[in-house]
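In what follows, a single structure is set out as structure tokens and then discussed.
The values are calculated or read from the model by the stated rules, or taken from the named source; none is laboratory data. Keep in mind it's a predicted model, so treat the numbers as computed, not measured. Don't worry about glycine lacking a Cβ; one is built from the backbone with ideal geometry, like all the others, and counts go over all protein chains shown.
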Amino acid sequence: MMLQNILKNIDEEYILLNGEDMQHASLLENRSTANYKRLMGSKKLLVIDEAQAIVDIGRKLKLMIDTIPGMKIIATGSSSFDLINITGEPLVGRKKEYILFPLAQLEFSQIEDYITTVSNLEKRLIYGSYPELEHLKSDDERKEYLKEIVNSYLLKDIIAFEGIRKRDKIMQLLKIVSYRIGTELSLEGIGNQLQISKNTVERYLDLLSKVFVIFRVTGLKRNLDNEINKKSRWYFFDNGIRNAIIGNFNLLKDRDDTGKLWENYFIYERYKYLKYHNIHFNYYFWRYRNTQEIDWVEEVNNQLYGFEIKWGKKKTYKVPSAWKRAYPSAGFIVITPDNYLDYIV
């Protein structure tokens, strides 16, 4: 849909291919300048949807760009790790990359007033913000849509790309990540639980991050000996996918994981906010021994900011003493339902 809207606003003539169409893919099979010049004729713009499905797509795009003067290419794909890994190295210095996440609160706020946003918070904690959900009228329809995404689409590209047949192991791994949001994961422990190697666990997590199902947050360790940074935490890019994986769409009053949903929601919304504002940032969690921690730490322009994410509305929260001692110039912010919009809109 977005590609169609983009093409409506393009004045010049173009050729449109779909990488999942075998006839279209065959047009690019002969990797030669002469072949591509014949294909393009007088046109200078090539548009390829689902480009990751085309074998050796990176080298083919590079050849076109390098040998056909004035050549421009728009390549899109639902499995971004294919585009990053297959096209990334050949196209260094030749491409500009755009990553589209589920809808951000930043975008919703352009069409919602404050009261509407507050009333929609619970729905977004439970069902997430995939664009298609905005067209569905009932919770039952939302549940079915998210279940379909998980069952039919979520792992499709990973399996096709890597030849992975152990779908059940990946789903079990995703369930483990779902239940352990906000805690460090032991790859060896998960491997023992799933009866697969630590390296396989690491590879699966990496693949899932490259299709933007989950993302990794590492520990900050700079100034104190007992800061924890050997393990990572993992978060979902969308709460709806997380809840579909564990099969729980209960209202907040009927769940015991509201704090995890809230933490996951704020972190991915903050992540999208910084990305969409083109703010360069590094991100971490912070934990000192087993006694003090901060959920989300940003580093922007060499300045650290710690965010403690709380669903409850306690009046005051103390800055962790070890954080204050180790990073006296760092900021410390407590995020609650009262102030979260100030940091994601």
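What pairs come up if the first residue lies in the stretch 199-223 and is in the same structural domain as K272 (by TED's automatic domain parsing) and closer than 22 Å to Q303 by Cβ, the second is modelled with pLDDT of 90 or more and surrounded by fewer than 20 Cβ atoms within 10 Å (Cβ to Cβ), and their beta carbons are under 6 Å apart, counting only those six or more places apart or on different chains?
Once the first residue is in the same structural domain as K272 (by TED's automatic domain parsing) and closer than 22 Å to Q303 by Cβ and sits in the stretch 199-223, its partners that are modelled with pLDDT of 90 or more and surrounded by fewer than 20 Cβ atoms within 10 Å (Cβ to Cβ) give T218/S232; N223/A326.
Kindly provide the set of residues from the stretch 224-279 that are under 14 Å from W296 (Cβ atoms) and either free of Cβ contacts under 8 Å to residues at least 12 places away in the same chain or of a type in the set (S, T, N, Q) (or both), ordered by number.
S232, N264
I'd like to check something: does the stretch 4-17 contain any residue that is free of Cβ contacts under 8 Å to residues at least 40 places away in the same chain, hydrophobic (A, V, I, L, M, F, W, C) and closer than 13 Å to I68 by Cα?
no
Output the residue which, of all residues in the stretch 150-176 that are among the β-branched types (V, I, T) and in a helix (DSSP H, G or I), is modelled with the highest pLDDT. Steps first, please.
Going residue by residue through the stretch 150-176, those that are among the β-branched types (V, I, T) are 150, 158-159, 164, 170, 176.
Right, trim to in a helix (DSSP H, G or I) and you get 150, 158-159, 170, 176.
Values: V150: 92, I158: 74, I159: 75, I170: 91, I176: 97.
Filtering the stretch 150-176 for residues that are among the β-branched types (V, I, T) and in a helix (DSSP H, G or I), the one modelled with the highest pLDDT comes out as I176.
Is it fair to say V177 is surrounded by 18 or more Cβ atoms within 10 Å (Cβ to Cβ) and either touching a strand residue (DSSP E or B) at 6+ places or on another chain (Cβ under 9 Å) or closer than 16 Å to R287 by Cα (or both)? Let's see the steps before the verdict.
On the way: surrounded by 18 or more Cβ atoms within 10 Å (Cβ to Cβ): yes; either touching a strand residue (DSSP E or B) at 6+ places or on another chain (Cβ under 9 Å) or closer than 16 Å to R287 by Cα (or both): yes.
Criteria met by V177.
Of all the residues that make up the stretch 299-327, how many are small (G, A, S) and assigned to a strand (DSSP E or B)?
Residues flagged as small (G, A, S) and assigned to a strand (DSSP E or B) within the stretch 299-327 amount to 1.
Pick out the one residue from A326, A330 that is buried (at least 16 other Cβ atoms within 10 Å of the Cβ) and at pLDDT below 95.
Numbers: A330 fails: at pLDDT below 95.
The conditions single out A326.
If I filter the stretch 278-292 for residues that are under 30 Å from E144 (Cα atoms) and either of a type in the set (S, T, N, Q) or not assigned by TED's automatic domain parsing to the domain that holds E202 (or both), do I get at least one hit? Please lay out each step first, then the result.
Quick first cut of the stretch 278-292, residues under 30 Å from E144 (Cα atoms) only: none.
No, that holds for no residue.
Pick from the stretch 128-155 the residues that are aromatic (F, W, Y) and within 16 Å of the chain's Cα centre (by Cα): which of them is surrounded by the fewest Cβ atoms within 10 Å (Cβ to Cβ)? Show your work before the answer.
Going through the stretch 128-155, the residues aromatic (F, W, Y) turn out to be 130, 145, 153.
Next cut, within 16 Å of the chain's Cα centre (by Cα) only: 130, 153.
On the way: Y130: 18, Y153: 10.
Here the answer is Y153.
Would a scan of the stretch 24-40 turn up a residue that is surrounded by 14 or more Cβ atoms within 10 Å (Cβ to Cβ) and closer than 30 Å to P131 by Cα?
Yes, the stretch 24-40 contains at least one residue that is surrounded by 14 or more Cβ atoms within 10 Å (Cβ to Cβ) and closer than 30 Å to P131 by Cα.
Could you name every one of the helices (runs of 4 or more DSSP H) located completely within the stretch 1-81 that has at least 3 residues being under 28 Å from L154 (Cβ atoms)?
On the way: elements: 2-8, 22-26, 33-40, 57-67.
Where helices (runs of 4 or more DSSP H) fall fully within the stretch 1-81 and carry at least 3 residues being under 28 Å from L154 (Cβ atoms), they are 2-8, 22-26, 57-67.
Here are some residues: I279, I333. Which one is aliphatic (A, V, I, L, M) and assigned to a loop (DSSP other than H, G, I, E, B)?
On the way: I333 fails: assigned to a loop (DSSP other than H, G, I, E, B).
On inspection, the qualifying residue turns out to be I279.
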